[in-house]
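The values are calculated or read from the model by the stated rules, or taken from the named source; none is laboratory data. No experiment lies behind these values; they were computed from the predicted model shown. Note: ideal-geometry Cβ built from the backbone for every residue, glycine included; neighbour counts use all protein chains shown. Surface accessibility is based on the protein's heavy atoms, side chains included, excluding ligands, DNA and RNA. Shrake-Rupley method; radii C 1.70, N 1.55, O 1.52, S 1.80 Å.
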Amino acid sequence: MEQRTYNQYCATARTLDLVGDRWTLLLIRELLTGPKRYGDLQTSLRGLGTGLLAARLKHLEREGLVHKITLPPPARTPAYALTEAGQELGPAVLSLARWGMKWAMGERRETETFHPGWAVLGLRACFEAKAAAGLRAVYEFRVGDEVFHARIDDGTIEALHGPAQHPDASIAMSEDVFIGVTGQKQTLAEAIATGAATASGDTEALRRLNGLFRLPSPRSRSVD
């Protein structure tokens, strides 16, 4: 596949030459949360055909943003992971996510797919480091059939897919309730109060949860 270029000696243009094609940044998004098998990427990126997925991965490999690895036991299967250069795209992707929460989300369209696990990056994007000062706690989130967790360590966050080994607090809700909370139609506290969500674990960890993540207030792009 011929690589398109802006033919500009500019850092922004050169970066877009590498990651500006459709689906490419979404592949980076998926790999920012850890190595993924080819089938994992197909599942998360519905609508991306097999041929185009293979082409995009080859492009990212060729450009030194992605490399092939073998997952450790017990999996021992081939997977794709970001290189150092690919990992350093993380802040840019999180900035795009924060911008999108404020200026682009709106209502979910009927044709749009959704995976609660995408919130792993959302947790990083909305994390309030100052609010987490002095806090060491692990939060586990169960949304529908998906599980992910966040480890808070004195102002830093590590958010990962999968269950936590020893969570200090656990929060569970349906996918629809989760969309409502992240879409700011209700707060997590309101969802828990009505029974739409459940929370258990350490009282202090749960008390501090509300201040740890701040969703940008949605704004309209209309000049009117």
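In the range 62-98, what count of residues is obtained for those that are open to solvent by 70 Å² or more (accessible area, probe 1.4 Å), in contact (Cβ under 8 Å) with a residue 12 or more places away in the chain and part of a helix (DSSP H, G or I)?
Going residue by residue through the range 62-98, those that are open to solvent by 70 Å² or more (accessible area, probe 1.4 Å) are 62, 67-68, 70, 72-74, 76, 78, 84, 87-88, 91, 96, 98.
Checking which are in contact (Cβ under 8 Å) with a residue 12 or more places away in the chain leaves us with 67-68, 78, 87, 96, 98.
Restricting the remaining residues to those that are part of a helix (DSSP H, G or I) gives 87, 96, 98.
Residues that pass the stated criteria total 3.
Given the options 33, 43, name the one that is out of contact with any Cys (no Cβ under 9 Å at 6 or more places or on another chain), closer than 18 Å to residue 120 by Cα and without any contact (Cβ under 8 Å) to a residue 60 or more places away in the chain. Working first, answer last.
Numbers: 33 fails: without any contact (Cβ under 8 Å) to a residue 60 or more places away in the chain.
Matching residue, one of 33, 43: 43.
Name the single residue that is nearest to residue 118 (Cα to Cα) among those in the range 38-56 being among the hydrophobic types (A, V, I, L, M, F, W, C) and part of a loop (DSSP other than H, G, I, E, B). Outline the logic, then answer.
Of the range 38-56, the ones among the hydrophobic types (A, V, I, L, M, F, W, C) are 41, 45, 48, 52-55.
From the residues that got through so far, the ones that are part of a loop (DSSP other than H, G, I, E, B) too are 45, 48.
Values: 45: 11, 48: 17 Å.
Looking at residues that are among the hydrophobic types (A, V, I, L, M, F, W, C) and part of a loop (DSSP other than H, G, I, E, B), I get 45.
Return the residue satisfying two criteria in turn: it lies in the range 33-56 and is open to solvent by 50 Å² or more (accessible area, probe 1.4 Å) and of a type in the set (Val, Ile, Thr), and of such residues it is farthest from residue 4 (Cα to Cα).
Looking at the filtered set, the residue picked out is 43.
Condition first: touching an Asp or Glu at 6+ places or on another chain (Cβ under 9 Å), crowded, with 17+ Cβ neighbours inside 10 Å and in a helix (DSSP H, G or I). Can you find one or more residues in the range 136-156 that meet it?
So far as the range 136-156 goes, no, none of its residues is touching an Asp or Glu at 6+ places or on another chain (Cβ under 9 Å), crowded, with 17+ Cβ neighbours inside 10 Å and in a helix (DSSP H, G or I).
Select from the range 9-29 the residues that are within 21 Å of residue 114 (Cβ to Cβ) and either among the aromatic types (Phe, Trp, Tyr) or in contact with a Phe, Trp or Tyr (Cβ under 9 Å, 6 or more places away or on another chain) (or both) and list them in ascending order.
23, 27, 29
For residue 163, which of the numbered conditions (1) open to solvent by 50 Å² or more (accessible area, probe 1.4 Å); (2) part of a loop (DSSP other than H, G, I, E, B); (3) of a type outside the set (A, V, I, L, M, F, W, C); (4) touching a residue at least 24 places away in the same chain (Cβ under 8 Å) fails to hold?
Failed condition: (4).
Quick one: count up the residues across the range 18-32 that are open to solvent by 20 Å² or more (accessible area, probe 1.4 Å) and in a helix (DSSP H, G or I).
If we filter the range 18-32 for residues that are open to solvent by 20 Å² or more (accessible area, probe 1.4 Å), which is where we start, we get 18, 20-23, 25-26, 29.
Filter once more, so that each one left must be in a helix (DSSP H, G or I): 18, 25-26, 29.
Final tally of qualifying residues: 4.
Might you check whether a residue that is modelled with pLDDT of 95 or more and under 18 Å from residue 196 (Cβ atoms) occurs anywhere in the range 147-155?
The answer is no; no qualifying residue exists.
From (1) open to solvent by 50 Å² or more (accessible area, probe 1.4 Å); (2) in contact (Cβ under 8 Å) with a residue 24 or more places away in the chain; (3) part of a helix (DSSP H, G or I), pick out the condition that doesn't hold for residue 59.
Of (1) open to solvent by 50 Å² or more (accessible area, probe 1.4 Å); (2) in contact (Cβ under 8 Å) with a residue 24 or more places away in the chain; (3) part of a helix (DSSP H, G or I), only one is false for residue 59: (1).
Show the residue pairs meeting these rules: Cβ distance below 6 Å; 6+ apart or different chains; first residue within the range 102-115 and open to solvent by less than 100 Å² (accessible area, probe 1.4 Å); second residue in a loop (DSSP other than H, G, I, E, B).
102/216; 102/219; 103/219; 103/221; 113/46
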